[in-house]
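Remarks on the structure that follows.
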Protein chains: 2
Amino acid sequence: MEKALQLKTAELEKISHLDYFNIALSVDCVIFGYDNKELKVLLIKSDLEEFSGLYSLLGDLVKPDEDLDSAPYRVLKNRTGLDDVYLEQVHTFGSIGRHPSGRVITTAYYSLIDITHHKLQLDHNELHWHSVNDIKKLAFDHKLILTTCLEQLRGQIMENPVAFNLLQDKFSLRELQEVYEAILGVKLDRRNFRKKIAVKDWLQDLNEMERNLSHRPGKLYALKKQHKRKSSKTGAS
Amino acid sequence: MEKALQLKTAELEKISHLDYFNIALSVDCVIFGYDNKELKVLLIKSDLEEFSGLYSLLGDLVKPDEDLDSAPYRVLKNRTGLDDVYLEQVHTFGSIGRHPSGRVITTAYYSLIDITHHKLQLDHNELHWHSVNDIKKLAFDHKLILTTCLEQLRGQIMENPVAFNLLQDKFSLRELQEVYEAILGVKLDRRNFRKKIAVKDWLQDLNEMERNLSHRPGKLYALKKQHKRKSSKTGAS
DNA sequence: AAATTAATGTGTGGTAAGTACATATTTATA
DNA sequence: TATAAATATGTACTTACCACACATTAATTT
């Protein structure tokens with residue numbers, strides 16, 4: 001998050017006083033959720049003057065004594081309480097003018113979480129879920145970062161079992177398909193979707209059925225254990 | 001490039017004096033070439049004591065007034081004279097201990113160039129081409145960076161016409177296939193390879209033949225203009 | 001309890017893509 | 001003129017992809 005730069009903490013005073021090497025490094029988290037058949041993203045109200053009224057991604061400066069790839073976990077833990085999610089590095093954004101308060105380069109990560117299960121304290125600190133499709137403008141270059149992460153996510157979900165993180169442990173194939181449709185932004189054929197998922201061998205049949213529906217219930221499945229929390233090809237730091 | 005940190009220039013003195021926010025940001029370039037049917041990478045001798053005898057990638061610190069994505073072009077231009085290549089951002093590496101002289105986070109880029117055409121001045125400044133397969137150990141975490149970039153490259157070449165940058169403007173299908181085999185590290189079936197390339201519609205038939213061979217010459221092709229210098233999906237900064 | 005509603009579960013045929021594989025042809029050289 | 005080495009090309013087989021339809025189940029309504 002970029003707002004730290006305007007807060008007048010001791011450490012940041014130092015940064016702004018450097019006359020030559022005044023590049024700062026931050027991380028930004030694109031946290032996707034799923035609710036009401038829509039793909040959501042977690043945003044916070046920007047408190048930079050330049051961006052008043054706009055929302056921004058969750059981020060913070062990287063500390064000198066923390067691994068880059070650890071920083072987004074810290075940010076997420078601090079802001080939402082979440083500490084059991086998988087974060088994937090996507091891209092690093094470093095145009096000169098991207099941050100109004102100075103030179104800040106940021107590395108973007110994305111993650112998928114189950115909105116309903118992780119009850120994060122949204123109320124304080126102006127944290128809100130927003131429908132990805134409704135987002136027009138964000139602070140900084142965060143719209144670009146969001147778009148880049150969404151593209152990456154779309155490219156991943158057929159290869160790697162990541163979309164499951166948006167759902168509760170038990171889910172029906174219909175629910176799963178709706179998640180895929182929300183991410184990809186298209187309707188899918190039910191039979192073909194089921195075939196595709198079946199050959200991947202990601203799912204465990206729980207021999208349970210949905211309950212309390214006003215229609216025929218579907219079978220419930222869970223992601224097989226060996227596929228949990230894994231995501232992309234390169235886990236490099 | 002990381003060696004800058006040990007050079008006692010004025011600007012770097014300042015960096016090492018920062019007591020809190022002493023994170024530096026660099027870029028590293030994985031420059032692939034192709035020669036003698038092998039995939040090569042351009043390396044420079046590390047002049048850090050800690051890594052004496054080892055080679056490292058081409059890199060430098062990002063300047064406060066330059067775009068992150070511009071930095072690797074500058075590095076490449078300075079070190080090799082090359083200025084008409086396409087560089088693709090791959091990943092940012094930021095473990096705490098990755099640089100012995102301090103906290104340096106680096107963004108990795110890769111590029112493919114035609115070794116024979118771009119006659120770079122390799123002699124001075126200890127620049128050499130190395131066979132990717134022979135590389136055991138590099139300075140810093142550069143072996144990891146190399147591996148990550150190579151994986152990314154392997155994943156790209158069937159989607160995007162990037163491998164062509166390793167060849168001269170005119171090439172035969174046999175030469176192209178050999179490039180693919182060198183990158184992927186496998187043998188390919190000639191007829192199937194040609195079919196796959198044909199459907200992509202990347203090539204222009206030049207109605208010329210190879211010359212001065214001790215065997216039957218093949219037709220020569222060139223990459224169609226509209227495919228030049230394009231590479232990956234996300235061209236984000 | 002019978003009818004209605006709304007969703008689940010499953011299979012097939014057609015098309016496109018991928019793979020394995022063999023023979024005739026061209027050029028340079030001996 | 002014969003030989004060596006590489007080019008050029010096509011077919012049958014298998015696998016993946018896609019469009020599409022019907023019988024079944026459970027809950028709700030009448």
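The values are calculated or read from the model by the stated rules, or taken from the named source; none is laboratory data. In this text the structure is predicted, and so the values were computed from the model without any measurement. Using ideal geometry, Cβ is built from the backbone for each residue, glycine included, and neighbour counts are taken over all protein chains shown.
Of these, A:GLU178, A:GLU159, which one is without any contact (Cβ under 8 Å) to a residue 24 or more places away in the chain and either of a type in the set (D, E, K, R) or in a helix (DSSP H, G or I) (or both)?
None of the others qualify; the one that does is A:GLU159.
Residues of segment B:54-99 being over 13 Å from the mean Cα position of the chain (by Cα) and part of a strand (DSSP E or B), which ones?
B:TYR55, B:ASP60, B:LEU61, B:HIS91, B:THR92, B:PHE93, listed by residue number.
Looking at (1) in contact with a strand residue (DSSP E or B) (Cβ under 8 Å, 6 or more places away or on another chain); (2) in a helix (DSSP H, G or I), which one does B:HIS130 not meet, given that it meets all the others?
(2)
Which residue is farthest from A:GLN152 (Cα to Cα), if the candidates are limited to segment A:179-226 and must be near DNA strand D (Cβ under 10 Å from one of its atoms) and of a type in the set (Asp, Glu)?
A:GLU210
Let me spell it out: the conditions are (1) assigned to a loop (DSSP other than H, G, I, E, B); (2) surrounded by 19 or more Cβ atoms within 10 Å (Cβ to Cβ); (3) touching a Lys or Arg at 6+ places or on another chain (Cβ under 8 Å), and A:ALA139 meets all of them except one. Which number is the exception?
All conditions are met except number (3).
I'd like to know if segment B:217-232 contains one or more residues that are surrounded by fewer than 18 Cβ atoms within 10 Å (Cβ to Cβ), within 16 Å of DNA strand C (Cβ to nearest atom) and assigned to a loop (DSSP other than H, G, I, E, B).
yes
Can you run down the residue pairs with Cβ atoms below 7 Å, 6 or more apart or on separate chains, where the first is in segment B:204-218 and at negative phi and the partner is surrounded by 10 or more Cβ atoms within 10 Å (Cβ to Cβ) and among the polar types (S, T, N, Q)?
B:GLU210/B:SER172; B:GLY218/B:SER172
Condition test on B:THR148, is it facing chain A (nearest Cβ under 10 Å), of a type in the set (S, T, N, Q) and in a strand (DSSP E or B)?
no
Would you mind stating whether A:LEU42 is modelled with pLDDT of 95 or more and either crowded, with 24+ Cβ neighbours inside 10 Å or part of a helix (DSSP H, G or I) (or both)?
The answer is yes for A:LEU42.
Name every residue in segment B:136-145 that is more than 14 Å from the chain's Cα centre (by Cα) and more than 11 Å from chain A (Cβ to nearest Cβ), in order of residue number.
Once the filter is applied, which keeps residues that are more than 14 Å from the chain's Cα centre (by Cα) and more than 11 Å from chain A (Cβ to nearest Cβ), segment B:136-145 yields B:LYS136, B:LYS137, B:LEU138, B:ALA139, B:PHE140.
Looking at B:ASN192, B:ASN125, B:ASN133, B:ASN160, which one is of a type in the set (S, T, N, Q) and on the phi > 0 side of the Ramachandran plot?
Answer to the selection: B:ASN125.
Among what's in segment A:180-195 and is within 11 Å of DNA strand C (Cβ to nearest atom) and surrounded by 12 or more Cβ atoms within 10 Å (Cβ to Cβ), pick the residue that is nearest to the chain's Cα centre (by Cα).
Of everything passing the filter in segment A:180-195, A:PHE193 is nearest to the chain's Cα centre (by Cα).
Filter segment B:84-97 for residues that are more than 8 Å from every other protein chain (Cβ to nearest Cβ) and in contact with a Phe, Trp or Tyr (Cβ under 7 Å, 6 or more places away or on another chain); which is surrounded by the most Cβ atoms within 10 Å (Cβ to Cβ)?
Among them, the one singled out is B:VAL90.
So which residues in segment B:58-79 are away from every other protein chain (no Cβ under 14 Å) and touching a strand residue (DSSP E or B) at 6+ places or on another chain (Cβ under 7 Å)? Step through it out loud before you land on a result.
Initial filter on segment B:58-79 (away from every other protein chain (no Cβ under 14 Å)): B:58-59, B:75-79.
Passing the criteria: B:LEU58, B:GLY59, B:VAL75, B:LEU76, B:ARG79.
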